[in-house]
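*Asks:* Below you'll find the structure I mean.
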Amino acid sequence: MKIPQQTLEDEGRKSLLIVVLSVLFAGVTNWFIVPYGLYSGGILGFCQLIRTLITEATGVKPPFDYAGLLYYAVNIPIMIVVSRLMGKRYFAKTILCVTAQSLGMALIPIPSTIPIASPLAAVLVGGILRGALVGLCMKYGANDGGMDLVAILMLQKDRHITVGNLNLIINAALYIAMGIHFNLTTVVYSLISSAMMAYALDRFYSQGINVEVHIITRQDPGELNSMILKELHRSVTTWDGMGIYAGKPVHILYVVLNKYEVAALRRLVRLYEPDAFLVETQGVTVGGNFEKHLG
């Protein structure tokens, strides 16, 4: 099916904005985080820590910060595995975002002198700006990689895992390692920066994206309904319809869930209703008694 010209132009503009925002994120990281010897949270933080340990062990300090390249190397296999769980446009924008961020952190010069005399002011400014930039990238349909992609992959295997718990475990390990190798001041300032980034991200973009899914099938959906309720703990609304093209009755299932649960739902549909037709809509606003399973 041919994509309308207007849609192509809109997607092109969004993709360009994602690249610009990602490069700005890299610039803010290199100006307000790296010069102070501080570290991001999550996988990027581990890559920065590994870069520091390698530099200390070898005594060789390249003229660029290769933590971004390490981050890219870690994300490549994750993106390959997760690609089948993501829409083509979302996946393409995610590649743009991660690539621009990683290359930007490697190529944008790190200032020889600190831009702001106060480390606290730097981490506050840097954290807010970085959170806002990532939030805008997500708003335009991209994913900045790291733990968000790992969560999508792991949640397909185990529904009891939450994004919040994953981040808590990863960051706890990171900051414990930092506390052992560095000092408490580095840990505290890095924590403040990460907290401000998370706060700004929440203001610019809600990570708990809700997705509504319509499942259209000719088979009796009873078993599928039961498994959605059992494994995803989501209720399903059903009604009967008529497929005009084939002239046969169909069953329509409607379920609203979190973006991280979509992959598990697709797996259930493939298992119990392999010929079903799925329609997914991201970013819907949900009120009332809707459980937020991830946080």
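The values are calculated or read from the model by the stated rules, or taken from the named source; none is laboratory data. Quantities reported herein were computed from a predicted structural model and do not represent experimental measurements. Note that we place each Cβ from the backbone using ideal geometry, even for glycine, and neighbour counts take in every protein chain shown. The protein model used for the area step is the full one, side chains on, heavy atoms only, and it has no ligands, DNA or RNA in it. Shrake-Rupley method; radii C 1.70, N 1.55, O 1.52, S 1.80 Å.
*Asks:* Please calculate how many Å² of accessible area the chain carries per residue, with a 1.4 Å probe and no DNA, RNA or ligand atoms counted.
*Replies:* Details: 15320 Å² over 295 residues.
For the chain, the per-residue accessible area is 52 Å².
*Asks:* Using the Cα centre of segment 14-130 as the reference point, and only Cβ charges (+1 on K/R, -1 on D/E), how large is the resulting charge dipole? Debye, rounded to the nearest 20.
*Replies:* My answer is approximately 520 debye.
*Asks:* Still on this structure, please answer the following. Determine the share of segment 50-129's accessible area contributed by carbon and sulfur atoms, expressed in whole percent, with a 1.4 angstrom probe.
*Replies:* So the carbon and sulfur contribution to the accessible surface is 76 percent.
*Asks:* Please give the charge dipole size of the chain, origin at the Cα centre, charges +1 on K and R Cβ atoms and -1 on D and E Cβ atoms. Round to the nearest 20 debye.
*Replies:* Charge dipole of the chain: 300 debye, to the nearest 20.
*Asks:* Do you know the relative contact order of the chain, to the nearest whole percent, from alpha carbon pairs under 8 angstrom that are 6+ apart?
*Replies:* For the chain, the relative contact order is 21 percent.
*Asks:* Probe radius 1.4 Å, ligands and nucleic acids left out: which of F91, F25 has the largest accessible area, and how do the rest follow?
*Replies:* F91, F25
*Asks:* How would you order 242-252, 115-125 from highest to lowest mean count of nearby Cβ atoms within 10 Å?
*Replies:* 115-125, 242-252
*Asks:* Between [x] -0.61, -0.83, -1.17, -1.29; [y] -0.56, -0.82, -1.31, -1.48; [z] -0.61, -0.80, -1.07, -1.16, which matches log10 I(q)/I(0) by the Debye sum over Cα atoms at q = 0.10, 0.12, 0.15, 0.16 Å⁻¹ calculated for the structure shown?
*Replies:* This structure yields the entry labelled [x].
*Asks:* For the pairs K14/K88; K88/K139; K88/K230, note any where the Cα-Cα span goes beyond 26 Å.
*Replies:* Over 26 Å apart, Cα to Cα: K88/K230.
*Asks:* Leaving out same-chain residues fewer than 8 places away, which aspartates and glutamates sit with a Cα under 12 Å from that of K93?
*Replies:* Correct list for K93: E11, D144.
*Asks:* Once fully extended, how much extra length lies between F277 and A177, figured as 0.36 nm per residue of separation less the alpha-carbon to alpha-carbon distance?
*Replies:* Answer, rounded to one decimal: 31.2 nm.
*Asks:* Take the alpha carbon atoms of segment 58-105, find their center, do the same for segment 197-274, and report the distance between the two centers in whole angstrom.
*Replies:* Taking the Cα centre of segment 197-274 as reference, the centre of segment 58-105 is 30 Å away.
*Asks:* Among I170, Q219, T29, flag the residue with its Cα farthest along the positive direction of the charge dipole of the chain, charges on Cβ as +1 for Lys/Arg and -1 for Asp/Glu.
*Replies:* The Cα lying farthest towards the positive end belongs to T29.
*Asks:* Give the residue from V284, V125, L271 lying farthest towards the positive end of the charge dipole for the chain; charges sit on Cβ (+1 for Lys and Arg, -1 for Asp and Glu) and the dipole is referred to the Cα centre.
*Replies:* The Cα lying farthest towards the positive end belongs to V125.
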